[in-house]
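Comments concern the structure below.
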Amino acid sequence: MGEKGRMWKTYLAESAKVDADKVANWTDALDVLLVFAGLFSAVVSTFVSQTFQTLQIDNHEVTSYLIFELVHLQRASMDGLPSSSVPKSPLSPYMTYHPTSTASWVNGLWFTSLVLSLTTALIAVLTKQWIHEYRTSIELGTYRERGRIRQFRFTNLSDWHVPVIIGLLPVLMHVALGVFFAGLIILLLSL
């Protein structure tokens, strides 16, 4: 059981086999999750960019109302009518705008979905970095030193609950998907 003992050599060989299988499964799962999170974030961003406009006053509509009022004022002037006879535009660039509750809910849900999706991607990338560090080969030192470093990394991986985090990432992505669909349903019901 010395520094170069057979036990440490066997330990390193067996742990390398176990680690290779475990890490390969984790890496595959994280790769699939990263692709899905990236595509989903792109889709949600497209929806958000379109519906975000409903949270602000529509300047085109305001302009149309003001032009319509201006045309009526010119006609009244040409007909010799007082300008007070022309009804004022219901919209003005200085009025305070309050978005509909549907617009607020849909945008709130979709922004939440986007944040959850991006958070999933960030945590997946960080987890892949942890796994990469875990798998980094240890070439220097005796078999005992290498075995102890490997065990230290394995213990820290467990202490940081990396397997649990990897298991929860798909759940977080499912929540993001559910929140997005809730916003989509609210939008469709309001049409």
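The values are calculated or read from the model by the stated rules, or taken from the named source; none is laboratory data. Since the structure is predicted, the reported quantities are computational estimates derived from the model, not experimental observations. Every residue, glycine among them, receives a Cβ derived from its backbone with ideal geometry; neighbour counts consider all protein chains shown. Just so you know, the surface numbers come from the protein's heavy atoms only, side chains and all, with ligands and any DNA or RNA stripped out. Shrake-Rupley method; radii C 1.70, N 1.55, O 1.52, S 1.80 Å.
Against the criterion of being surrounded by 12 or more Cβ atoms within 10 Å (Cβ to Cβ) and in contact (Cβ under 8 Å) with a residue 24 or more places away in the chain, Gly183 qualifies. The numbered conditions (1) open to solvent by less than 70 Å² (accessible area, probe 1.4 Å); (2) in contact (Cβ under 8 Å) with a residue 60 or more places away in the chain are all true for Phe47 except (1). What do you reckon, is Leu172 of a type outside the set (Asp, Glu) and within 29 Å of Thr100 (Cβ to Cβ)? So Leu172 does not fit the description; no.
With respect to Gly178, determine if the residue is open to solvent by less than 50 Å² (accessible area, probe 1.4 Å), farther than 25 Å from Trp110 by Cβ and assigned to a helix (DSSP H, G or I). Here the answer is no, as Gly178 does not meet what is asked.
If you go through segment 115-130 and keep only what is surrounded by fewer than 17 Cβ atoms within 10 Å (Cβ to Cβ) and within 8 Å of the chain's Cα centre (by Cα), you end up with Val115, Thr119. Note on segment 139-175: among residues that are of a type in the set (D, E, K, R), assigned to a helix (DSSP H, G or I) and more than 28 Å from the chain's Cα centre (by Cα), the one that is surrounded by the fewest Cβ atoms within 10 Å (Cβ to Cβ) is Glu145. Residue-level check: of (1) more than 30 Å from Lys17 (Cβ to Cβ); (2) outside any helix (DSSP H, G or I); (3) open to solvent by less than 90 Å² (accessible area, probe 1.4 Å); (4) not charged (D, E, K, R), Asn107 misses just (2).
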